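Worksheet: the structure to be examined is printed underneath.
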Amino acid sequence: MNRPTLTSALFITCFALNATAISPPNMKEETDTSGIEQQYTGGWEYFVGGGVASFDCNGDRYPELYFAGGSSSANLFINRSQHSGKLTFEKKQDSILALESVTGAYPIDINSDGVLDLVVLRLGENYLFKGLGNCEFKQANKEWNFDGGSAWSTAFAATWEKDKDHPTLAIGNYVDRSQPGAPFGTCHNTDLYRPTNTDFYLNSEQLTPGYCALSMVFTDWSRNGTADLRIANDRQYYRGGHEQLWDMSQVVPKEYTEEDGWRRLKLWGMGIAATDLTGDGRNEYFVTSMADNKLRTLASRNEPTFEDIAFAKGVTAHRPFIGDSVLPSTAWHAQFDDVNNDSFIDLFVVKGNVEAMTDFALEDPNNLFLGTPGGQFFEAADKANMISFHRGRGGSLVDLNLDGLLDAVIVNREENIQVWRNLGQGNQKPAAMGNWVALQLHQNLINQHAVGSWIEVRIADRTQTREVIVGGGHVSGNATWHHFGIGVAERAIARVQWPDGEWSPWIRLFANQHARITKGKSVADIWLPAASAKQ
């Protein structure tokens, strides 16, 4: 993979950057004043699921939040926060999205009109909602020839395959409750919707066998230009199953096997997070489980052979890090991002007992692992004031008030959601930590949000690499700004490898800016947040 020349990076190398990690941020819980009242409820079908979608649906670039409700109604909350101010939301009344039986949701622009649509996963028929602007939606299953089925859907991912006008959609399904012997050994297959350019999703196929998927992501693990489908499966119910990787370069997708270098791995696979931790331009994958979280790194450049480095990096997260319990933890949503803007990636893990499993910790706090210059992580949820003993499920690290500090949202089972505002180094008022840049990508016509791109942000001699994906986490989709902490650097350069493989030129950025990079342009468009999301 090409790297910047000395000339292209010269203007930032003159800055002496102190490669040291910054202390944990002060995360102030603002649940009670946020205006959000939402629980994920229900019987055993809702022991899994419970996601949140973070996306801008009214064009002001402040993220809205759409919460799954399980047996309760799902709800959309409009962001009314002041720029750099308290987190404030207003429930969208009479929304078509206020559905029951919702397990999770993912934003994506299916018809490439520049307005985000929403894929809603349910216990029962799944829905595609067409975004109309101003946070209004239209149910589009019929218009887009999408058969939402009647399965128990618990995972989603999407990508644009070559020469396609619309994204390929993958929906992972859990237990087939109609089969004798359910729930054990009765996992549904994965539904794959490969579009035609004229009829959208008139035809679909199944990836079989399915092993009770709880998270999935299309990812170009080898950087060969094709995104394969990585699936995390829950071994609680499958028989003879394992984690899966599907080769999507085939006309009929093929499951990678040990002959291809794919080593069989069995987990209570619940969530996936992906980022480049080693600086080689390829992803590492954190897969959550019960007591046995894995951090997988590629051991071969040409084969899907991965080895585990969770212990070496300090992110096994196998038991509660505070309290007296020595019982194993239960981890769900996971997300890599930089919460303290020191330019070293961090890891957020949402935890919670399945229901009342006495062999696992009943009080199981979430994790906030902060990255260090040496590539290790250390636990900082307690120091950041983010301790919670609710039964967490989905979540999101997202800048809700557009101040350059990532806030945190957690969906809880049978308890209200929780929202933390990132105050940086401040106490009652925010104070900056490290510097940052927040990016949006745009290309004309098809796949306007450039899903499948790779973003590189460079400061001095270090490059951060991020793949633009739709999927991962635990039934929680995020289509907001691409956030990069840059530490003490006052400037950075960035470039994009677009989905067709073409590279942008290196583009100069100043610290603490929101910028849009457009394919074919050599200069970013800078955007200044309005004082209020109401505008």
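When peptides 390-397, 432-439, 340-347 are sorted by average Cβ neighbour count within 10 Å, with the highest value leading, the order is 390-397, 340-347, 432-439.
In debye to the nearest 20, how big a dipole does the range 196-250 give about its Cα centre with +1 on each Lys and Arg Cβ and -1 on each Asp and Glu Cβ? If you can, show how the numbers build up before the last one.
Numbers: 4 positive and 7 negative charges, 45 e Å.
Dipole magnitude for the range 196-250 comes out near 220 debye.
Taking the range 68-89 and a reference point 7 angstrom along Cα→Cβ of N512, the backbone N atoms nearer than 16 Å belong to 83-85.
Overall, the anisotropy analysis places the range 337-420 in the oblate class: the square-rooted eigenvalues a ≥ b ≥ c of its C-alpha gyration tensor yield a/c not less than 1.5, with a/b not exceeding b/c. Computed from phi, the 3J(HN,Hα) profile of the range 61-76 under the Karplus parametrisation 6.51, -1.76, 1.60 (θ = phi - 60°) reads 6, 7, x, 8, 10, 10, 9, 5, x, x, 6, 8, 6, 6, 8, 9 Hz, with x in place of Gly and Pro.
What does the charge add up to near Q448, with Lys and Arg as +1, Asp and Glu as -1, over the other residues with Cβ less than 9 Å from its Cβ?
Details: positive: none; negative: D109, D113.
Net of charged neighbours comes to -2.
Residue order by solvent-accessible surface for K142, K383 is K142, K383, largest first, with ligands and nucleic acids left out and a 1.4 Å probe.
Provide the net charge surrounding R421, with neighbours chosen by a C-beta distance below 13 Å and charges set as Lys +1, Arg +1, Asp -1, Glu -1. Don't skip to the answer; put the middle values down first.
On the way: positive: K28, K86, K429; negative: E29, E30, D32, D399, D403, D407.
After counting each charged neighbour, the total is -3.
The lysines within cross-link reach of K294, meaning a Cα-to-Cα straight distance under 30 Å and a gap of 8 or more places when in the same chain, are K28, K254, K266, K313, K351, K383.
Return the carbon/sulfur percentage of the accessible area of the chain, one whole number, probe 1.4 Å, all protein chains in place.
On the way: 9270 of 19680 Å².
Its accessible area is 47 percent carbon and sulfur atoms.
Taking 7 Å steps out from each Cα toward its Cβ at E303 and E502 produces label points 3.7 nm apart. Each of N366, V409, V354 was placed along the dipole of the range 320-450 (beta-carbon charges, centred on the mean Cα), and the one lying farthest toward the positive end is V409.
The distance separating the Cα centre of the range 190-267 from that of the range 42-57 comes to 22 Å. Label zone (T33, point 7 Å along Cα-to-C-beta; backbone nitrogen cut-off 19 Å) within the range 389-428: 399-410, 417-428.
Quick check: with the 1.4 Å probe, what order do E64, E259, E45 take by accessible area, largest first?
E259, E45, E64
Taking other residues whose beta carbon is less than 13 angstrom from the beta carbon of D117, and scoring Lys, Arg as +1 and Asp, Glu as -1, yields -3.
Rounded to the nearest 0.05, what FRET efficiency do H318 and K91 give with R0 = 45 Å and r taken as the Cβ-Cβ distance? Could you check?
Details: r = 38 Å, r/R0 = 0.84.
Once the sixth-power term is evaluated, E becomes 0.75.
If you take the Cα centroid of the range 114-143 and the Cα centroid of the range 493-507, the two points sit 31 Å apart.
Summary of packing: across the peptides 468-475, 153-160, 271-278, 177-184, the per-residue average of other C-beta atoms within 10 Å ranks them, highest first, as 153-160, 468-475, 271-278, 177-184. Residues in the chain average 37 Å² of solvent-accessible surface per residue, probe 1.4 Å, ligands and nucleic acids excluded. For K92, the lysines whose Cα comes closer than 20 Å to its Cα, not counting residues fewer than 8 places off in the same chain, are K130, K138, K534.
Accessible-area rank, largest first, for S72, S522: S522, S72, with all protein chains present and a 1.4 angstrom probe.
Each residue of the range 138-153 was assigned a 3J(HN,Hα) from its phi angle through the Karplus expression (A = 6.51, B = -1.76, C = 1.60, θ = phi - 60°), giving 10, 5, 10, 4, 5, 4, 9, 6, 9, 8, x, x, 9, 7, 9, 9 Hz with x at Gly and Pro.
Amide H contacts of R235 (H built 1.01 Å from N, in plane; Pro and chain starts excluded): L267, W268, G269 sit under 5 Å, all sequence-distant by 5 or more or on other chains.
When you count the other C-beta atoms within 10 angstrom of each residue and take the mean per peptide, 126-136, 99-109 line up highest first as 99-109, 126-136.
The values are calculated or read from the model by the stated rules, or taken from the named source; none is laboratory data. Worth saying up front: this structure is predicted, and the values here are computed from it rather than measured. Cβ sites come from the backbone with ideal geometry, for glycine too, and all protein chains shown count toward neighbours. The protein model used for the area step is the full one, side chains on, heavy atoms only, and it has no ligands, DNA or RNA in it. Shrake-Rupley method; radii C 1.70, N 1.55, O 1.52, S 1.80 Å.
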